[in-house]
Amino acid sequence: MSLITISTPFNIDLEFRLANFGKRVLAWFIDIMVISAYFYIIARFVYQPFDLTVDKSIIADILLLILPVMAYQLSFEIFFNGQTIGKKAMGIKIIDSAGQEPTWGQYLIRWTLAFGNYFVFLMPLVIISNPFTIVGIAVFYVPDVITILASKKSQRIGDLAAGTVVIDATYQPDITETIYKEIEVKDYNPVFPQVMRLTDRDINGIRNLLKIKRAGKDDIAYMHQVVHKIKAVLQIESELGGYDFLEQLLYDYNYLATRGK
């Protein structure tokens, strides 16, 4: 399975696993089933009761079917942390190639350059009328399939243009997930309140550093470099160093993120 390593501004390397092609195809198939279910609901509970025939349903088709279906992928990825229903079900998601949450602009570029999106609203009709004609529409996905298989980071055309990648979200904790440590001391007073300037992604990297790097003596110098970098960026002056300093950061972050607000 392909892995990518992303460095944070604090020289902490985070490792992610790229989503495999099979999962991406299954996620796409689930999304098509969701769209088909939406088509059925609109047809059954809107078109039939109001007798919207082909002759007088053009506006309804645009407003109730074409536009919502075409906007499905873009809106879900923007508002649901880089995941559609299919991606969520398959445990994959979109991130920025720098390990951050993609911007709306990146999602838009990615969506615009997915040529199949312009015909996805036809999928339910094809499935109902003649499933074999789905091959004709699938042709529009061929360029993306080629770039996914050929590119180093399994990126389709939209990913390459937007600077995004699709990862297996089950491989590591979600990059936006806060890493908490249990605090047993009552009336806890944070030592380094500056820690809130770090992102959850950086906190996750620190946790991984403590978990993996502490065991090897050869990595002690690397840990001190990370500590020095964090102190410089956050303008912290402390005699604490190495493991103790990083662990203190995690305790302070946990308190301030959950109880100190």
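Just so you know, all these numbers are worked out from the coordinates, no wet-lab data involved. Note that the structure is a prediction, hence the values are computed from the model and not measured. Here the Cβ is made from the backbone with ideal geometry for all residues, glycine too, and neighbour counts use every protein chain on show.
Overview of results
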read-out: Relative packing of 222-233, 92-103, which averages over residues the other C-beta atoms within 10 Å, highest first; value: 92-103, 222-233
read-out: Violating pairs (Cα-Cα greater than 18 angstrom) within the set 88/152; 88/153; 87/152; 23/153; value: 88/152; 88/153; 87/152
